[in-house]
Amino acid sequence: MIPKRISAKIFTTEPEEAVDHDAFIALFHEFIREKTVEGLLLDVADYAHVPEGPGVMLIGHDVDYGIDQTAGRAGLLAVKKRIEGGELAALLDETVRLGLLAAKAVEGNGSAGVQFAPGAVQVQFIDRLAHENSDAGFGSVKGELEALAKRLFGEGAQVERADADEPRRPLAATLSGAGGGAIDDLVARLSS
Amino acid sequence: MGWKEVLNDKIDTAWAEEIDHFDSQVALRKQGKLDEKVFAETRLRRGVYGQRYDNGKRHDGFAEQTLAFADVPTKGPETVWDAPGMCRIKIPYGGVSPEQMEVLADCSEEYSDAILHVTTRQDFQLHFVHIEDTADLMRRLAAVGITTREACGNSVRNVTGCPLAGTCKTETFDISPYAQALMTFMHGHPDVQDFGRKFKPAFSGCETEACGLVQMHDGGYVAKVKDGQKGFKIVVGGGLGAVPHQAEVLSEFTPVEELLPTMQAVARVFARLGEKQNRNRARIKFLVAKLGIEEFRRLVEEERKTLPHDDRWTSLIEDMAETSGEPVGPGEALAGGDRPEGFDEWLSTNARSQRQEGYSVVTLNLPLGDLTADQARALADIARRYTGDNMRTTVEQNMVLRFVRNADLVAVFEALTQAGIGAPGGETIVDVTSCPGTDTCKLGIAASRGLGGELRQRLAAKSASLPDAVKALRIKISGCFNSCGQHHLADIGFYGNSRKVDGRTVPHFQVILGGQWTENAGQYGMAMGSIPSKAAPQVVEALTDAYAQGRESNETFREWVERIGKRGTREIIKPFMKVAPYAEAPEFYSDWGDVREFTIGDLGIGECAGEMVSLFGIEVVKAESQGFDAQVALEEGDFEEAEDLAYRAMLSAARALVRLEYIDVTEDANDIVKEFKARFFDTERFFDRFAKGKFGQYLIDRNATPPASVDRDEAARRIEESQLFIEAAHACELRESAAANLAAAARAEQ
Ligand code: HEM
Ligand code: SF4
């Protein structure tokens, strides 16, 4: 089954360090104005007051972005929403690409003062009906994830299931490997 | 297979049918086969609201932009189909089980932004939800016994009640089963389908505390026992909003068996006689005020006699369990042992001992009412492990855990802290309440949440050094006069408005001081003047410093405000009222948590800079100072003078508008009202999109029928009206000058 939502998170180089939320508020307003990142961008939602929460979000119609701090680890999160159909492989590619490009835009702008570590990407299937967070659920997407990891990070890439001990969270996995390179290199390896 | 098939046999049949029906209406509307107004009414009755920018327009700080949504039918007048909206989820008296929390968490991740927001009426809200997802959202909630039906619309809204019910030392008895009974009885009842406006009920276990807030509700029920029999004192006609009213006593004692039929009779009277055409006069408070409580009571008693008998009047009450759940073990004292860092501070503010020996109620001080999906799941685990009882949401946008064994308090503190929801300072000055404001509300004028977050952060940082009397104060913020943040009930309240300075619009907050939190919110705070949004933290500091220093023995904040009077408080606030020109202090021209240059209502009409101070600007000052004098007179007990001054303040503001185009208007009241009516009211130029002619009507009504006698309430009401009228005059002038600027710019381009 095709999930209605998929997310991709690219951690910062210092994920445990505090994030400058005010800088992200300004930056995301600028992204909306300049249409810097993809999607129909709607508004900025400020959740800086929530500990280990979504930080500051850039809400869109078909994709949300945010400087997410779930589990105390900061990263650029892209959530592809309103998925109506398509091939899972292509949808995964698309989501990761949105996340990488947004991370690049944040880095490139510089005002938020964060750098990203593109050696790993965390992917979530945010649709409990289509993708249970169980061994069987993981089994049904493992092949696609491995193929994606290999494309991104080359031979020796790893796919590690995340949140296996918390079946109430969405099905998730971390894709990583040493052979990735810079964000641009990763993006070039994804179908667009 | 979809959620419909998966959950088919888990949902109450009637609920399932209703949701399926809603689902098909969504489909019909999308195909253009259902009228947009009919669809809007349908979705609102199901708690599916619009949200800011859903007209497809948004000002980005420089210019209004059109959001490039696909061109499909609307969800309602000026509401784009694809624009995300808000879903309000009804939580009767705030009671929520661990299983329900988990489903709420799932839904927040799959349909919203992974944030659950607790409202000031104990509901949950999800934001940024797309219309196509709403039916499945409803199904998943319905499968665990939660409904969104009548969370909005002209119906009986969520039944609220003290979150401590069943555990509280001051309560007469546990109101929860009766709140549940009223909710079940009124839900979808035929007699509540034809209201002119919403009806908000609330239960309280006692008269002395605030928790039930019955005095500000359309219908309020206070637990009483008479001759060994349980019953309720019933009050009606309270409400906040633009013109706040305290509820009046319908009955000092109604036995529990008569609770539901009495409410049914009230509903019928309200449906039959309440205003239907003019939304702004349609709440039951206006009907009660118009008829007088004696006549209203007589009508309800007559109506009661004619009601056909309904077995549910008693069966619903008999069937209810007294408490929901059993504690996990016997109550036990908190042992000596090691206490983790921060525990003692948290214990002093966030735990309250129960009537039942050895147990406590623990408050989660949720920042601005928000918690993440992960935190909701952690909370469900904590509730299962340490409390046998349900959790409750609170009107202060918090949650409480009940029946926590004192012996488990350390473990609960550690678990909450681990989950990021163990903040101390619950129900203190740090624990700021705020409506959604400009973040998501279409009516928001100023950033109530932005200010709330800022104050919370600043106050938390210095909380340890605050005197106890200051720590105990409450701050509540609304983004506009509608009062969803309940600013009238706070020691320090704010509501958003705007002012024109230096040719630009500057976000402001009206300061409301001295609301009474005890006695079910028995007295409302008083307006003290508008300050620029960016000065609000300094104003809080100045007020709390002055209170800490000037307070006599055990004087409450309200008593202190009353003693120093409006003049005294104005002295404190005045230095912060001024806004420097844009070139010197541009930060004043944008709001908290937002870098865009401020515009009102996101109407998107960019205002040209460099305008001179207008004639209106000079004249309206007179109205404001008369309004101020009216407050002083009220304080000094001269009600007639206060009422008259408030009326004259409205006249001055109206005259300022009229003089924009008819400079020779006299100072005669009838002349002013005649000109105002012809030029600004009948033409609807004075109307705004939401309040329509409401505020203009205040002046016209007062001019047509001067009060025969004036008491404190009448004077206070006129003062409120005059403030709103003046605000509306400002807004009208802003709209008109913006339109004139646009026209001038268009001419210049030709
Ligand atoms: C689409 C957004 C909203 C609109 C259009 C809206 C509209 C209004 C209006 C017009 C009033 C004044 C009613 C009157 O007294 O005649 C009001 C009052 C109130 N609303 Fe809202 N509101 C909105 C959102 C909210 C939210 C999000 C909350 C909860 C956080 C809320 C809770 C309340 C409360 C507690 C009151 C005052 C108490 C009362 O009169 O019963 N509202 N609202
Ligand atoms: S007070 Fe005003 S801004 Fe706040 S939620 Fe209510 S209507 Fe919206």
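Assorted remarks:
- Matching option when the condition is buried (at least 24 other Cβ atoms within 10 Å of the Cβ) and either touching a Lys or Arg at 6+ places or on another chain (Cβ under 8 Å) or not aliphatic (A, V, I, L, M) (or both), among B:Gly358, B:Gly369, B:Gly342: B:Gly369
- Pick from the range A:71-97, criterion within 9 Å of chain B (Cβ to nearest Cβ) and in contact (Cβ under 8 Å) with a residue 40 or more places away in the chain, ranking: nearest to A:Glu16 (Cα to Cα): A:Gly72
- Residues in the range B:1-49 that are away from every other protein chain (no Cβ under 14 Å) and of a type in the set (A, V, I, L, M): B:Ile11, B:Ala14, B:Ala16, B:Ile19, B:Val26, B:Ala27, B:Leu28, B:Leu34, B:Val38, B:Ala40, B:Leu44, B:Val48.
- Taking the numbered list (1) in contact with a helix residue (DSSP H, G or I) (Cβ under 6 Å, 6 or more places away or on another chain); (2) within 16 Å of ligand 2 (Cβ to nearest atom); (3) part of a helix (DSSP H, G or I); (4) not hydroxyl-bearing (Ser, Thr, Tyr) in turn, B:Gly450 passes all entries but (1).
- Residue within the range A:145-156 that is within 14 Å of another protein chain (Cβ to nearest Cβ) and surrounded by 17 or more Cβ atoms within 10 Å (Cβ to Cβ) present: no
- The residue pairs whose first member lies in the range B:238-250 and is surrounded by fewer than 21 Cβ atoms within 10 Å (Cβ to Cβ), whose second member is in a strand (DSSP E or B) and at pLDDT 95 or above, and whose beta carbons are closer than 8 Å, counting only pairs six or more residues apart or on different chains, are B:Glu248/B:Val235; B:Glu248/B:Val236; B:Val249/B:Lys233; B:Val249/B:Ile234; B:Val249/B:Val235.
- Residue check, B:Lys33 within 32 Å of the chain's Cα centre (by Cα) and loosely packed, with under 12 Cβ neighbours inside 10 Å: no
- Taken over the range B:60-76, the criterion of being loosely packed, with under 15 Cβ neighbours inside 10 Å and more than 29 Å from the chain's Cα centre (by Cα) is satisfied by B:Phe62, B:Ala63, B:Thr66, B:Ala68, B:Ala70, B:Asp71, B:Val72.
- When residues of the range B:401-434 are limited to those that are under 30 Å from B:Tyr589 (Cβ atoms) and more than 16 Å from ligand 1 (Cβ to nearest atom), the one farthest from the other protein chains (Cβ to nearest Cβ): B:Ile429
- Test: B:Gly437 is within 14 Å of chain A (Cβ to nearest Cβ), of a type outside the set (A, V, I, L, M) and either buried (at least 24 other Cβ atoms within 10 Å of the Cβ) or at positive phi (or both): yes
- Within the option set B:Trp592, B:Trp560, being in a loop (DSSP other than H, G, I, E, B) and at negative phi holds for one residue only, B:Trp592.
- Condition check for B:Lys462: away from ligand 1 (no atom under 16 Å from the Cβ) and either assigned to a strand (DSSP E or B) or away from chain A (no Cβ under 14 Å) (or both): yes
- Single residue of B:Val410, B:Val432 found to be at pLDDT 95 or above and either of a type in the set (Phe, Trp, Tyr) or surrounded by 23 or more Cβ atoms within 10 Å (Cβ to Cβ) (or both): B:Val432
- Once the range A:3-49 is narrowed to residues that are free of Cβ contacts under 8 Å to residues at least 40 places away in the same chain and assigned to a strand (DSSP E or B), the residue that is nearest to the other protein chains (Cβ to nearest Cβ) is A:Asp46.
- Just one of (1) within 15 Å of B:Gly166 (Cβ to Cβ); (2) touching a residue at least 60 places away in the same chain (Cβ under 8 Å) fails for B:Ser360. It is (2).
- Test: residue in the range B:489-508 that is within 16 Å of ligand 2 (Cβ to nearest atom), part of a loop (DSSP other than H, G, I, E, B) and crowded, with 24+ Cβ neighbours inside 10 Å: yes
- Matching residues, the range B:469-493, being over 16 Å from B:Cys211 (Cα atoms) and away from ligand 1 (no atom under 15 Å from the Cβ): B:Ala469, B:Val470, B:Lys471, B:Ile492
- Test for B:Arg46: is it closer than 29 Å to A:Gly39 by Cα and among the charged types (D, E, K, R): no
The values are calculated or read from the model by the stated rules, or taken from the named source; none is laboratory data. Treat the numbers as computed from the prediction; the structure is a model and nothing was measured. Using ideal geometry, Cβ is built from the backbone for each residue, glycine included, and neighbour counts are taken over all protein chains shown.
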